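The values are calculated or read from the model by the stated rules, or taken from the named source; none is laboratory data. Since the structure is predicted, the reported quantities are computational estimates derived from the model, not experimental observations. Cβ coordinates were reconstructed from backbone atoms using ideal geometry, including for glycine residues, and neighbour counts include every protein chain displayed.
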Amino acid sequence: MRKVMDLIRGKEVNSAMGLLENVEKRSRIYLIRALKSAIASAKQGGKVKQDELFIWKITADDGPIMRRYKAQAMGRATMIRKRTSHIIIELGMMDVPVKKTSVKGVAPKTGKK
């Protein structure tokens, strides 16, 4: 999942959708769904166009793990872990400038003038 996310991080929404449609990984299906949902949520406010959006932040955290057991040789059972993940996509607008913060350093006083 994270390898595919690295491809689209920081890209415009339209180019990210194009990349996801051409990647041959299973995780692209889930990322397309999440990206479409994020775009719809952003458009719901009213004044946002899809061409102005880009992917500001995208993360995938561990979700719940379903544990199943499979029969093996000699009466043993092995655990099968079906992993899930929580996908978080935050979108930003191209026209809005990013707030920059600066820290001014103060030189130490030396006694010389």
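Between Arg28, Arg33, Arg2, Arg9, which is without any contact (Cβ under 8 Å) to a residue 24 or more places away in the chain, charged (D, E, K, R) and under 16 Å from Ile58 (Cβ atoms)? Exactly one residue qualifies, and that residue is Arg33.
Of the residues that make up segment 42-51, is at least one surrounded by 12 or more Cβ atoms within 10 Å (Cβ to Cβ), under 12 Å from Met1 (Cβ atoms) and among the β-branched types (Val, Ile, Thr)? The answer is no; no qualifying residue exists.
Whether a residue is closer than 19 Å to Ala16 by Cβ, touching a Leu at 6+ places or on another chain (Cβ under 7 Å) and at pLDDT 90 or above was assessed, and Ile88 does not pass this test.
Restricting segment 16-30 to residues that are in a helix (DSSP H, G or I) and more than 15 Å from the chain's Cα centre (by Cα) leaves a set whose member that is nearest to Lys49 (Cα to Cα) is Gly18. Does Ile58 satisfy the criteria of being without any contact (Cβ under 8 Å) to a residue 60 or more places away in the chain and in a strand (DSSP E or B)? Yes: the conditions hold for Ile58. A count restricted to segment 42-99 and to residues that are more than 25 Å from Ile8 (Cβ to Cβ), polar (S, T, N, Q) and out of contact with any Lys or Arg (no Cβ under 8 Å at 6 or more places or on another chain) stands at 1. Applying the set (1) over 24 Å from Met93 (Cα atoms); (2) of a type in the set (D, E, K, R); (3) surrounded by 10 or more Cβ atoms within 10 Å (Cβ to Cβ) to Lys36 leaves exactly one unmet item: (1).
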